[in-house]
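First the structure, in the form of structure tokens, and then the observations on it.
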Amino acid sequence: MTRTSHPISAVAASLNIPDDALLRYGHDKAKVDLDWLSSRPENDSKLVLVTAMSPTPAGEGKTTTSIGLADGLRRIGEEAVLALREPSMGPVFGMKGGATGGGKALLVPETDINLHFTGDFAAIAEANNLLVALVDNHIHHGNELGIDPRAVGLRRAIDVNDRTLRTIITSLGGRANGVVRETGFDITAASQIMAVLCLAESPDDLKDRLARIVIGDRFDGGEATVADLGVQGSLTAILASALAPNLVQTLEGTPAFVHGGPFANIAHGCNSIIATRAALATGTIAITEAGFGADLGAEKFIDIKCRQSGLRPDLSVVVATVRALKYHGGVPLAELAEENVDALRAGIVNLVRHVENLQGVFGQSVLVALNEFATDTEVEIEAVKQALAPLGVHAVTSSHFANGGEGATDLARAVLEELKTPSRTTFCYPDEAGLQEKALNVATRVYRAGGVTWTASAKKEILRLEERGYGHLPVCIAKSQYSFASEKMLGAPTGHTLPIREVRLSAGAGFVVLIAGSIMTMPGLSKRPAALDIDVVDGEIVGLH
């Protein structure tokens with residue numbers, strides 16, 4: 001397919017963004033000036049959150065559905081604007097591949113977006129790593145703040161999947177190389193700096209959040225912050241350009257703000273607040289996306305992003321496929337093309353659970369988008385509709401992958417109809433609940449677990465954070481994306497246990513990370529990573545899916 005795109009100035013003009021508010025990165029991508037965005041008056045735009053059932057190897061197509069829906073809305077006369085996350089190069093060269101959609105539901109320039117884009121990820125990693133270097137340097141040169149090297153909570157970051165960096169020893173080789181300590185790397189998407197940038201609402205808010213980051217414990221029992229070190233200004237300088245949202249487009253010319261990229265399985269999983277507000281300020285309907293299944297992405301979107309920003313989705317669209325439902329019903333990958341209504345009915349409990357949670361826990365008006373495959377049969381699609389009917393939820397098929405916005409017009413019309421009865425968003429837990437109670441609420445209300453267990457070190461840390469006044473913060477649970485449980489369990493399990501093994505404070509981001517089961521904040525590469533299929537042929541990058 002030939003990838004064509006309008007000049008980014010034309011895309012901006014369609015949103016009434018003036019030329020002097022653009023910082024161009026070539027012909028087809030730009031950043032939008034924050035001062036111009038902050039001057040925009042509030043309007044009556046609607047916010048649509050796109051989420052999904054629990055992901056499977058069969059694929060659900062959440063990003064393609066978001067893109068197709070926006071294109072479909074434009075085709076029926078709505079001024080839809082997208083707000084999506086930036087891809088991480090870790091998964092691009094690892095197992096997942098690119099994250100710009102696919103088929104005719106695609107962001108362009110897809111290669112640029114999947115690789116270096118406008119340098120946001122590099123800026124975040126550099127700010128993160130400068131901070132850790134400054135901490136180590138401070139300790140080396142006398143440690144005036146009395147920071148305990150054994151209790152530094154910051155880790156370095158890199159946008160590559162590399163399991164060998166999960167736990168490392170630094171400063172070997174003698175005194176000239178600093179103080180020896182155990183530490184490690186996180187992938188950039190899991191960096192606290194990433195979360196800070198995505199939740200900041202202005203340059204001043206960014207600086208304030210950076211200043212609140214806790215470096216670690218002091219020998220006197222207190223804690224040291226970035227403000228104590230006095231480097232929040234330097235970090236803000238590195239991130240100044242990265243804070244402005246990126247403007248690109250779909251294959252059909254629909255404007256898209258693509259900005260920020262935390263993963264939902266190990267971080268809070270949402271594009272920046274600034275990008276979401278930009279979409280709302282420049283369109284009549286903003287389409288945004290939360291990461292992975294609704295138990296992770298939508299929960300964190302509402303309990304963290306909405307709680308902090310005041311944003312509220314008017315509608316939640318849950319993406320599902322007939323293939324994925326059959327997989328949750330026990331059908332092997334190789335047999336998913338065959339009609340199997342019994343397996344679909346067994347697996348649809350996963351989708352129903354997500355819908356029930358969105359309605360009952362989060363107060364959402366819900367629509368299900370069935371991402372269409374050629375192998376789907378009418379009887380299977382009808383079985384999905386029948387299963388959702390008792391919940392008062394409609395399922396609409398969409399062929400956006402094959403047909404672009406034209407294939408999503410039915411979905412777009414259904415969205416407009418559902419927006420007539422908008423959501424009344426509620427949270428999973430109140431602010432005043434303690435951190436342990438918040439974790440229990442998410443585990444029992446959203447995951448339907450029987451309870452939460454804590455390692456001795458995690459329990460000690462959670463109690464310490466509550467004693468230090470952090471109990472009012474929301475929790476960000478890092479767990480497997482493939483199941484409601486902490487490990488992979490198909491369908492809709494109940495009564496399982498959520499095992500919290502580690503607790504990390506993200507004071508700048510404004511939440512506490514609870515790491516469950518075997519989930520890692522630095523992923524590893526698979527036996528055959530996608531990097532083996534990527535090449536440059538005749539000057540063109542190929543194999544980037």
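Values in this text are rule-based calculations from the coordinates and carry no lab data. Note that this is a predicted model, so its numbers are computed, not measured. Neighbour counts are summed over all protein chains in view; Cβ atoms, including those assigned to glycine, are modelled from backbone coordinates with ideal geometry.
Structure notes:
- Entry note, the chain: relative contact order of 21 percent, from Cα contacts under 8 Å with a spacing of 6+ residues.
- Zone residues, segment 128-149, relative to E182, backbone N less than 17 Å from point 7 Å out along Cα-to-Cβ: 148-149
- In terms of other Cβ atoms within 10 Å, H27, H496, H400, H259 run from fewest to most in the order H27, H496, H259, H400.
- Relative packing of peptides 381-390, 277-286 - highest average C-beta neighbours within 10 Å first: 277-286, 381-390
- Label-to-label distance for L130 and T497 is 4.5 nm, based on points extended 7 Å past Cα in the beta-carbon direction.
- For the pair segment 4-30 / segment 314-387, the C-alpha centres are spaced 38 Å from each other.
- Residue order, fewest to most beta carbons within 10 Å, for C198, C306, C270: C306, C198, C270
- At R0 = 41 Å, FRET efficiency that the Cβ-Cβ distance of I541 and N16 yields, to 0.05: 0.75
- Mean Cβ neighbour count within 10 Å, used as a protection proxy, ranking 215-225, 235-245 highest first: 235-245, 215-225
- When each of K207/K420; K29/K488; K31/K305 is checked by Cα-Cα distance, pairs over 30 Å: K207/K420; K29/K488
- Virtual spin-label span in nm between E338 and T421, 7 Å along Cα→Cβ: 4.0 nm
- Take every DSSP beta bridge whose two residues both sit in segment 120-239; close to 75 percent of them are antiparallel.
- In terms of packing, defined here as the mean over residues of other Cβ atoms within 10 angstrom, the peptides 424-435, 513-524, 483-494 line up highest first as 513-524, 483-494, 424-435.
- Other residues whose C-beta falls under 11 angstrom from the C-beta of L358 contribute a net charge of -2, scoring Lys and Arg +1 and Asp and Glu -1.
- DSSP-defined antiparallel bridges as percent of all bridges, the chain, nearest 5: 45 percent
- Extension gain from T111 to T377, taking 0.36 nm per residue of separation minus the Cα-Cα distance: 92.3 nm
- Looking at segment 435-516, the DSSP beta bridges with both ends there are about 45 percent antiparallel.
- By the Stokes-Einstein formula, at 1.306 mPa s and 10 °C, the chain with its Kirkwood radius over alpha-carbon pairs has D equal to 67 µm²/s.
- Its relative contact order, with pairs defined as Cα atoms under 8 Å and 6+ residues apart, puts segment 120-239 at 31 percent.
- When I139, I67, I274 are sorted by how many other C-beta atoms sit within 10 angstrom of their C-beta, beginning with the fewest, the order is I139, I274, I67.
- Modelled label reach - S241, point 7 Å along Cα→Cβ, segment 20-62 residues with backbone N closer than 20 Å: 20-37
- Note on S457 and S234: their simple-model spin labels are 2.9 nm apart, each label 7 Å out from Cα toward Cβ.
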